[in-house]
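Trainee: Sharing a structure with you now.
Values in this text are rule-based calculations from the coordinates and carry no lab data. Nothing here was measured: the structure is a model prediction, and the numbers come from that model. Note: ideal-geometry Cβ built from the backbone for every residue, glycine included; neighbour counts use all protein chains shown.
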Amino acid sequence: MPRVSFGIVTWNSAEVIAGSVASVRQQGGVAAELLVWDNGSGDETRAHLDVLTRPDERIYADINVGFAAAHNALIARSRSEYYIALNPDVVLAPSFTAEIVAALEADPQAGSATGKLLRIDNPQILDSTGIRMLPSQRHVDRGADTVDAGQYDRLEYVFGASGAAACYRRHMLEDARIGREYFDEDFFAFREDADLAWRAQLLGWRCVYVPAARAWHGRRVTPARRPRLPAAINRASVRNRFLLRLKNQTWGHALTFAAPGLWRDAQVIGYVLAREHTSIPGLVDVVRYLPRALAKRRTIMRRRRVADEEIIAWFRQA
């Protein structure tokens, strides 16, 4: 029976954590290990975890170290063949993991897998069927906000898995690791799933979308809600858009999509300077983190195994 570790990172997640943990307990067909890291929650999250989990299943941090660093610690602690990064606001169908792992077991080229995520408050609406890359260098959740009418019911490769419920093969994680980091800790939170997906693609790993693996996500961060999101989230989103490309984009790729990419950059910077002043520090962060980003880029480019055309093709898909 395949061994699977479930890593959940909480931060003020008291209202949702019980459903997520319960769904992990109900997974069939695998030997499951649950690991929960709490990032210094100030609500009742820990009181719930004290009841829902065993002491050896939980770690309580004094401060919020970020989504990326917390998952890195859980991955390093886990010993399973597969690691599922699971948001505390996601509920898995009982067969989710068995379906995901069966697809990975059948395809050695696949280093990660994602299922069909639906909105928990409106299950007819899709939340994500994988990461989709655009010519503007944006990444979006494929199918998000559309009615699930069977248009994404085919097993197929996608660019990457949404970090809300992503299954990673340990071999891929170790292959993609830079130093001790699987997820880039400079990202702190947001876009780190796309960064890992891009790095894995450069190394020749595939991500498989498994429509039979279903889950429900209570997504809070969407473009439409941006004006109402905390300033720290928007700052990280701005910073990480640029770090993502600085690390992973080849010169050939950059030239191919120079026009749409630069136009989107101008829109982002213009919006920040004109309307979202709280995100200006995110632009400063890009400069501050530049030496580390370029060092990581050198490692990635030295190790990449695929030609530009293979990556560029993902950004040209309709």
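Trainee: Over region 157-312, what is the relative contact order in percent, taking alpha-carbon pairs closer than 8 angstrom and at least six residues apart?
Mentor: Here the relative contact order equals 30 percent.
Trainee: Taking every DSSP beta bridge with both residues inside the chain, roughly what % is antiparallel (nearest 5)?
Mentor: Here the antiparallel bridges make up roughly 45 percent for the chain.
Trainee: Could you work out the Rg to Rh ratio of the chain, with Rh taken as the Kirkwood radius (inverse of the mean 1/r over all Cα pairs)?
Mentor: So for the chain, dividing Rg by the Kirkwood Rh gives 0.94.
Trainee: Using a simple charge model, +1 on the beta-carbon of Lys and Arg, -1 on the beta-carbon of Asp and Glu, nothing else, what dipole does region 224-316 show about its Cα centre, in debye to the nearest 20?
Mentor: 400
Trainee: Show me the three semi-axes of the equivalent ellipsoid for region 224-316, from the C-alpha gyration tensor (sqrt of 5 times each eigenvalue), largest first, rounded to whole Å.
Mentor: Equivalent ellipsoid semi-axes, largest first: 27, 16, 11 Å.
Trainee: Across 10 Å bins from 0, what is the distribution of all Cα-Cα pair distances for region 133-219, in whole percents?
Mentor: Calculated over all Cα pairs of region 133-219, the distribution is 14, 48, 31, 6, 0 percent.
Trainee: Still on this model: Which three lengths, in whole Å and largest first, does region 71-224 cover when its Cα atoms are put on their principal axes?
Mentor: For region 71-224, the Cα extents along the three principal axes come out at 41, 33, 29 Å.
Trainee: To the nearest 20 debye, what is the magnitude of the charge dipole of region 139-273 about its Cα centre, counting +1 on the Cβ of each Lys and Arg and -1 on the Cβ of each Asp and Glu?
Mentor: Computed charge dipole of region 139-273: roughly 280 debye.
Trainee: Take the alpha-carbon centre of region 123-162, take the same for region 1-72, and report the distance between them in whole Å.
Mentor: 26
Trainee: Only Lys, Arg, Asp and Glu count, each charged at its Cβ (+1, +1, -1, -1), so figure out the dipole size of the chain about its Cα centre, rounded to 20 debye.
Mentor: 1020
Trainee: For a protection proxy built on the mean count of beta-carbon atoms within 10 angstrom, sort 292-300, 146-154 highest first, please.
Mentor: Going by the mean number of other Cβ atoms within 10 Å, highest first, we get 292-300, 146-154.
Trainee: Which Cα, out of Leu294, Ala254, Gly282, lies furthest along the positive dipole direction of region 233-304 (beta carbon charges, K/R +1, D/E -1)?
Mentor: Highest projection toward the positive end goes to Leu294.
Trainee: Here's another thing I want to ask about it. Out of all Cα-Cα pairs in region 104-178, roughly what percent, to the nearest whole number, are more than 15 Å apart?
Mentor: 60
Trainee: Using the Cβ atoms and a cut-off under 14 Å, what net charge is assigned to the surroundings of Val51, where Lys and Arg are +1 and Asp and Glu are -1?
Mentor: It works out to a net charge of 0.
Trainee: For Ile17, Ile312, what ranking results if the residue with the fewest other Cβ atoms within 10 Å of its Cβ goes first?
Mentor: Ile312, Ile17
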